[in-house]
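Report on the following structure.
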Amino acid sequence: MLNAIWLVPLAPLCGSLICMALIMAGRRKELAHLPTIIGMAIAAVVAIVTYFESKGGEFVVSTQAYTWLNVGTINIPVSLRLDGLSLTHLNVVTFISLMVAIYSSGYMKGDPGYARFFALISAFVFCMSMLVLVGNLLLLYAFWEGVGLCSYLLIGFWYQKPSAAKAAMKAFLVNRLADCAFLAGVITLWYGVGLVLDDTTNVIARLDYDAIFTAVPLLAAQHPDLLGWVGCFILVGAIGKSAQFPFHVWLPDAMEGPTPVSALIHAATMVTAGIYLLARMSPLLSEAPTALLLAGWLGAITAVLGGVIALFQSDLKRVLAYSTISQLGYMFLAFGAGLGDATLSLAVVAAMFHLITHAFFKAQLFLTAGNVMHAMGDVIDMRQFGGLKSILPKTHILFLLGAIALVGLPPLAGFWSKESILGLLLSQSNDPVYGPVFVCWFALGLAAALLTAIYTSKAYFKTFHGEEHWPAEAGEHPHEASTAMLAPLWVLAIGTVFSGIVIFYFDTLAGFILPMPFLEVAHEHHHESWLLVLLSISIAVAGVLIGRWLGLRKNQAESAKTPNAFAIFAENRFYLDELFYNLLVAPTLYLASVIAAFDMHVIDSMARYIASLPETIGNQIRLWQSGRVSHYAAGMVIGIIALLTLVYLRS
Amino acid sequence: MSPELTNSFLTVLPAVVIFGIACIYLLVGMFQDNSSPAGIRSVSGWGIVSTFLLTTLWIGTVWFSLQPSGLVTKLFQSDSVALHGTHLTLLAGVLISAFSITHTPRRFAYEFHACLLILLAGSIFLAAAADLTTLYLSIEMVSLPTTLLLSISRRDNSGREATLKYFALSAFASAVFLMGASYLYGLSGTTSLSGIATALATNDTTLAKVAMALVLAGLAFRVTAVPFHFYAPDVFTGSSLPVAAMIATVPKIAGFLAIIRILGGAQLHTGFVESAGLILLVLALVTMTSGNFMALAQTKWRRLLAYSSVAHSGYLLIGVAAALYRGGETTYVLSYLSAYTVMTLGVFAALATLTANGDSDPSLADLEGLYQRAPMLCIALSVCLLSLIGVPLTAGFWAKFGIFQDAIRTARTELVVGAVIMAINAAVGAMYYLSLLLRIYRVPHTNSAPVSTPKFSPSFALTVVCAAITVLWFLLPNWM
């Protein structure tokens, strides 16, 4: 199946094209989920079969999918590169997408944009699997923008809603800002690789991963500062896509999109592209410690910040969004731990481990939140409903499983992966240089774990326990979701429950990812400290109890109490959005208005004049076209005479 | 048969086959009663048979002759120009005959398709011509059936006007060409193209250049270069749509093949190359500039397309000039020609889908709000128009890219300046194509629909096929 890997991006692409054809034909739009689901199923099956066939170990398979262009020195082949890392991520992407697509066929039923939704989801999976599979940083960047575009279109799926249109714009612009840095990194790296490798025959191949990693040691020796900049630029790109502080502001607003989109793109797959990028570039980052330090600090800050804000949100989907931000912070924190001697490989494994488990349980949580939303008539404010345990019994169990996994109680998935990150930090705490930093991060990580437990259990108890009530929009008798919306959740639940312990017990991930070419592999394996396990379990339990208390408080009691300054501060997301608005957006808008005035009065009037010129000339010379044959022949004679004169004058 | 004759046949085998089919058409057609019900039913049958045969032939030729055989006889030669010219002509032939399935004139069904086949054969003969006589005869083999097609495809006054104008001016252009050709013969003492090239390699007299100028002027008529283009708008307006599409493509292909054949022989004298290059460059700049500016002032689709085709000839002439300086490397000219053929036919087919009969001449305003009525057709038409502009994601992009690259690689100031002027022209061209697109997508103020809402038809399918080829070409440029 290794050679069939091109089917993984191709099948969803075909699905997307078929959906678009359905939209254009204007017929049978209600069948749009079929090509999507079939395409994704093919992708998922190929990915999983390839996974089991490859059996880990060191393997890199490059296939040239097709050569787009071969003109002179410009040769742009699109080659797919398969190794442990990309195959692992590919499996996560295809599997979760398939489940979400099946779920969406129930969730989106009756929406006027049904076919458009599936066309976009398929296009997203195509871009995402290409992002994971390509073997060239420039192509990765292209598909990086591709998934950004799909995300933009899906956040603004209900573009008639002003808030959705605005959120889509915000996500797009914030991401572009970060992508500027990423692009700068790509270009700088291209320049740098050109400096040390004298392979000038093919300009694009310079950004092949193999070329980059061959050049990294040389660059580290000759131009360490350049490499540092590249690392930082790439990191900025990663934190933009993965919604890390200070670029996290777009993700909560992205919840304006349909819930399956939030689950797939803004929790399980696209936002983890930043993690994938760092993992992919880890041989480079190992020579750029500044970037790793920055990643660690930003991750730690984001983990805690996301947790605090999540605690004060009353919108269930927003709680989950901030939770995503916080959990992604954990993964960045893991990269920070890679600062120690040759532990970057372990950091990559830990981050990827958390990425996998998080993809399962967060997709599950979002989709169950979608079930709640569906039953509650699209109301998602937790203050307006409660005690839904008996109304949505299956959804309740599914949410509970996801919540336990997120809180980090054994034996569910989240515990193992979170433990591996914290354990990695702890084992590095006696590092001579970065020891204190690691201790600091470890403490922040524990704080974030406590916050996670609190907000998760608060949301859970508020939604499913306490007094049974629901908003008027839900109608007389809210009902449980349909089979199409429950079946994929049970499948995801298997991953939520078992993925952590299976991967931990068999230690499959390290064996699969680690023989990564060009990355120095640490052989010493850190051992689980029982003390740490006890500590985190007790933190989780304490958090759950606090959360239970918070969640079951009477609504009245909550509103009667005057909120303290911190609560207001956190409820308003620390005013970070406002800060960015005043710092970045407002000056830009002002500058734009000045430029617009200049453009309108000076440039436009010039342009209008120039634009009117061709038409004026055209109107003049069209008079030559008299319609008479003799005139035409005379014109030809003039032409001949002119040519002869020209020749005569030249010689 | 003597081996010489056999070889001659082999080099132009597709043309011989096509010509044979045309003869069969004429023979069979004689016994067909066009006015009987069966005869009327069989009208579209001719087009279907032609399309099928030409498709088979095209696929066969592409499949079996990936490399030129290198056969050279006195009359014909098989080299890469001949090969690509054959493929190109056959592609155009497939598309045009598919186009004419529904637009064959009832009274002259078999003559129509026989003429079409004969002129395709002429273009293939031309691509392989190795002698001035075969070259000239091939040109006439394209031009005379064209006149016939013009006269039988449309039987009203504007049709007669178009026929007469084309015939008279074409005869004039042939006379100029023949005069130049006779000088060439006089100078070199041979009619063989390679012989002439050998003679010109050492001959740099003014007479040689004058001869070349006359020959080029005669051929400039075929490729609608300004000021030899005057017939084009009137002929485009006064013919049925498939014939207009044919005139926009096949004679142009033939004309460029003739120019390439005459100039691309062997090592020409440097001074001679300079003059010929200058002629081509001046023609190119005048052609593209006036073509584009005139197109801007048009209000009818056909006239606009006529001037747009004039402008594209200008771009192609830049390519020919660049090829001349670079020692006869004409790949980009030929690939531009095939891209141009596909996208132009796509636009014409879309127009034919929209108009009830092939004679109507829709104004630009008639297609306003087309997207509301025919989204699929509209998207296909947009792809073709975008390709004519030359934006990425379409074949037109690579076509223009190739010409630009060729011009810049010559590293000659005048050609680089020419490329810059071409870029400006492309921008001017984009103006009217974009305004067409704007009209198509704009919702009209009035609800009147002067243009019929299209149903599925061969021309509809042809537009879609052309659009698909255009996009595929962008994605797989090395295959084309």
| request: Find which of A:Thr368, B:Leu475, A:Trp229 sits farthest along the positive direction of the dipole of the protein assembly as shown, computed with +1 on the beta-carbon of Lys and Arg, -1 on that of Asp and Glu, about the Cα centre. | output: B:Leu475
| How many nm is it between the label spots at B:Leu164 and B:Met431, if each spot is 7 Å from the Cα in line with the beta carbon? | 3.6 nm
| Per-pair calculated FRET efficiency, R0 = 35 Å: B:Val420 and B:Phe456 via Cβ, rounded to 0.05 | 0.20
| task | Starting from the Cα of B:Ala365, step 7 Å along the direction of its Cβ; do the same at A:Trp549; then give the gap between the two resulting points in nm. | result | 7.9 nm
| Check: the protein assembly as shown dipole with +1 on Lys, Arg Cβ and -1 on Asp, Glu Cβ, in debye | 2540 debye
| Efficiency of FRET between A:Tyr609 and A:His465 - r from beta-carbon atoms, R0 51 angstrom, step 0.05 | 0.10
| message | Looking at the calculated P(r) for the range A:322-414, what percent of the C-alpha pair distances fall above 19 Å? | response | 50 percent
| query | If each of A:Leu173 and A:Asp210 carries a label point 7 Å out from its Cα toward its Cβ, how far apart are those two points in nm? | reply | 4.4 nm
| Once the Cα gyration tensor of the range A:224-295 is diagonalised, what are the square roots of 5 times its eigenvalues, in whole Å and ordered largest first, as equivalent ellipsoid semi-axes? | 28, 12, 7
| Solvent-accessible area of A:Trp190 with every protein chain in place, 1.4 Å probe, in Å² to the nearest 10 | 90 Å²
| Length added when fully stretched, A:Leu34-A:Ser626, from 0.36 nm per residue minus Cα-Cα | 207.1 nm
| query | Taking Cα atoms, how many degrees apart are the long axis of helix A:393-407 and the longest axis of chain A, rounded to 10 and kept between 0 and 90? | reply | 90 degrees
| remark: If every Lys and Arg gets +1 and every Asp and Glu gets -1 at its Cβ, then about the Cα centre chain A yields a dipole, in debye to the nearest 20, of 1580 debye
| For chain A, with +1 on Lys and Arg beta carbons and -1 on Asp and Glu, the positive-most of A:Thr94, A:Ala359, A:Ile621 along the dipole | A:Ile621
| request: Calculate, for B:Val16 and A:Asn619, the FRET efficiency according to 1/(1 + (r/R0)^6) with r their C-beta to C-beta distance and R0 56 Å; round to the nearest 0.05. | output: 0.70
| query | In degrees from 0 to 90, rounded to the nearest 10, what is the angle of the helix A:483-506 Cα long axis to the longest principal axis of chain A? | reply | 70 degrees
| task | With a 1.4 Å probe and every protein chain left in place, tell me how much accessible area A:Lys418 has, in Å² to the nearest 10. | result | 10 Å²
| query | Which semi-axis lengths, in whole Å and largest first, follow from the square roots of five times the eigenvalues of the Cα gyration tensor of the range B:3-479? | reply | 34, 27, 20
| How would B:Phe397, A:Phe442, A:Phe399 line up by accessible area, probe 1.4 Å, largest first? | B:Phe397, A:Phe442, A:Phe399
| Cα gyration tensor shape for the protein assembly as shown, rounded if a/c is under 1.5, else prolate or oblate | prolate
| field | Candidate residues A:Ile513, A:Ile102: accessible-area rank, largest first, probe 1.4 Å | value | A:Ile102, A:Ile513
| request: Could you please put B:Glu161, A:Glu30, A:Glu480, B:Glu414 in sequence from largest to smallest accessible area, using a 1.4 Å probe? | output: A:Glu30, B:Glu161, B:Glu414, A:Glu480
| remark: The extension gain from A:Ala21 to A:His601, computed as 0.36 nm times the residue separation minus the Cα-Cα distance, is 204.4 nm
| Which of rounded, prolate, oblate describes the range B:158-205, given a ≥ b ≥ c as roots of the alpha-carbon gyration tensor eigenvalues and a/c under 1.5 marking rounded, otherwise prolate only if a/b is larger than b/c? | prolate
| message | Starting from 0.36 nm per residue, how many nanometres of slack lie between A:Trp490 and A:Tyr505 once their C-alpha separation is accounted for? | response | 3.1 nm
| Ignoring ligands and nucleic acids, what accessible area does A:Ile641 show with a 1.4 Å probe (Å², nearest 10)? | 100 Å²
| query | When the label point is put 7 Å from the Cα of B:Met30 along its Cα-to-beta-carbon vector, which residues of the range B:98-113 have a backbone N closer than 14 Å? | reply | B:111
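The values are calculated or read from the model by the stated rules, or taken from the named source; none is laboratory data. Because the structure is predicted, anything quoted here is derived from the model rather than measured. FYI the Cβ positions are ideal-geometry reconstructions off the backbone, even for glycines, and counts take in every protein chain you see. For accessibility, only protein heavy atoms count, side chains too; no ligands or nucleic acids. Shrake-Rupley method; radii C 1.70, N 1.55, O 1.52, S 1.80 Å.
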